[in-house]
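All of the numbers you see were taken from the coordinates with simple rules; none came from a lab. This is a predicted model, so every value here is computed, not measured. Cβ sites come from the backbone with ideal geometry, for glycine too, and all protein chains shown count toward neighbours.
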Amino acid sequence: MVLSKRAIAVLTAGVLSVSGVAAMAADSMNFVSWGGSTQDAQKQAWATPFSKSSGIAVVQDGPTDYGKLKAMVESGNVQWDVVDVEADFALRAASEGLLEPLDFNVIKKDRLDPRFVSESGVGSFFFSFVLGYNEGKTGKNKPEDWAALFDTKTFPGKRALYKWPSPGVLELALLADGVAADKLYPLDLDRAFKKLDTIKKDIVWWGGGAQSQQLLASGEVSMGQFWNGRVFAVQQDGAPVGVSWKQNLVMSDFLVVPKGAKNKDAAMKFIAEATAAKGQADFSNLTAYAPVNLDSVQRLDSTLAPNLPTAYAKDQITLDFAYWAKNGSAIATRWNEWLVK
């Protein structure tokens with residue numbers, strides 16, 4: 001089962017936190033992620049094999065904390081070497097001078113999906129926001145796309161939406177309102193919020209994967225926006241849940257190296273192995289997140305592959321990480337004001 005990395009990050013902070021002294025050793029490096037099953041899988045698929053092949057110990061730390069990363073860089077006391085971050089943060093942090101440029105003589109990017117490659121970050125995995133629905137609530141009518149989310153007459157019941165001001169919710173609102181996928185950006189914020197107003201009283205907000213699963217499986221919501229891995233996990237548990245992959249919205253995490261990392265060379269080697277075909281496939285098979293290496297697809301578990309975004313490329317819309325990196329702060333201000341109206 002794929003657990004929400006955001007929802008459990010705080011709970012795992014004490015378990016994963018380690019002394020910076022260990023990470024400074026010449027024969028070790030520090031890897032930071034979100035905790036829980038995601039980081040467990042990263043350790044199994046990436047860190048352990050890397051340590052065996054290189055002789056470099058990988059010290060686990062976390063959870064990822066953007067404020068802490070920035071403070072480390074600005075103080076010149078960087079304890080982290082490789083950090084798993086969200087794509088829009090990776091681009092914003094690079095523009096603020098917080099990250100090292102990646103060494104693409106070491107990291108082979110020619111077989112990495114170009115959507116998830118930048119000068120200072122490469123994808124660690126990607127996933128989709130999909131339309132999930134409780135079949136007991138929707139009956140014979142099967143919702144096909146995001147427009148169904150706003151059709152409370154045909155599909156009555158509460159709607160589940162991701163509560164954070166990040167890529168996804170505004171885009172799906174615009175798609176439901178008839179905006180073409182290739183015309184989404186720059187986002188028409190007035191139009192998006194006006195569309196969300198039509199179902200605001202019916203929205204149940206979720207902030208973590210476990211919460212979203214409970215809402216969907218229990219029937220507290222009839223449908224909503226979910227991480228694809230979460231819907232898959234609910235289905236595996238036997239819940240009467242369906243999914244529409246039409247207009248699935250792609251998000252990604254990136255691997256980055258903070259500016260001034262003490263073990264930069266080891267960090268580059270680690271990222272190279274983590275993004276290689278085998279490392280990506282091994283991680284995907286453990287988590288149901290999709291690989292960024294194009295050669296990993298053929299290595300995926302045949303029973304898992306149909307439940308990954310890689311199988312639905314023709315129905316896929318990649319969210320604009322660069323747009324959000326530039327405009328996210330301003331959007332967040334408006335988002336938070338709208339929530340309390």
Using a Förster radius of 25 Å, what is the FRET efficiency between Arg115 and Lys163 based on their Cβ-Cβ separation? Nearest 0.05, please. 0.45
Cα-only Debye scattering, the chain: base-10 log of I(q)/I(0) at q = 0.07, 0.11, 0.13 Å⁻¹: -0.29, -0.71, -0.98
The chain - percent relative contact order, Cα under 8 Å, separation 6 or more: 27 percent
Evaluate the charge dipole of the stretch 128-250 about its Cα centre and quote only its size in Debye, nearest 20, assuming +1 on the Cβ of each Lys and Arg and -1 on the Cβ of each Asp and Glu. 240 debye
Local electrostatic count, Gly219, Cβ distance below 10 Å [Lys/Arg +1, Asp/Glu -1]: 0
Dipole-positive endmost among Ala277, Phe89, Ala57 within the chain (Cβ charges, Cα centre): Phe89
Per-residue Cβ neighbour rank within 10 angstrom, fewest leading, Glu74, Glu86: Glu74, Glu86
Under the classification rounded if a/c is under 1.5, otherwise prolate if a/b is larger than b/c and oblate if not, where does the stretch 271-341 fall, given a ≥ b ≥ c as square roots of the Cα gyration tensor eigenvalues? prolate
Under a plain spin-label model, where a point goes 7 Å from the Cα along Cα-to-Cβ, how far apart in nm are Lys52 and Gln214? 3.8 nm
Among Ser54, Ser244, Ser128, rank each residue by its count of other Cβ atoms within 10 Å, from fewest to most, as a rough exposure measure. Ser54, Ser244, Ser128
From largest to smallest, what semi-axes in whole angstrom does the stretch 128-250 give when each is the square root of 5 times an eigenvalue of its alpha carbon gyration tensor? 22, 15, 13
Along the Cα→Cβ direction, 7 angstrom out, place labels at Asp145 and Glu337. What is the inter-label distance in nm? 3.2 nm
Measuring from centroid to centroid over Cα atoms, what is the spacing of the stretch 181-220 and the stretch 33-86 in Å? 31 Å
Label-point separation in nm, Val204 to Ala305, each point 7 Å along Cα→Cβ: 3.6 nm
Which of the three applies to the stretch 231-329, rounded, prolate or oblate, going by the alpha-carbon gyration tensor with a ≥ b ≥ c and a/c under 1.5 meaning rounded? oblate
Net length gained if the chain between Ala330 and Glu135 were fully extended (0.36 nm per residue, minus Cα distance): 66.4 nm
Which of the listed residues, Val250, Leu172, Gly123, is farthest toward the dipole's positive end in the chain, when Lys, Arg count +1 and Asp, Glu count -1 at the beta-carbon? Leu172
Using Cβ contacts closer than 10 Å as the measure, can you line up Glu220, Glu171 from fewest to most? Glu220, Glu171
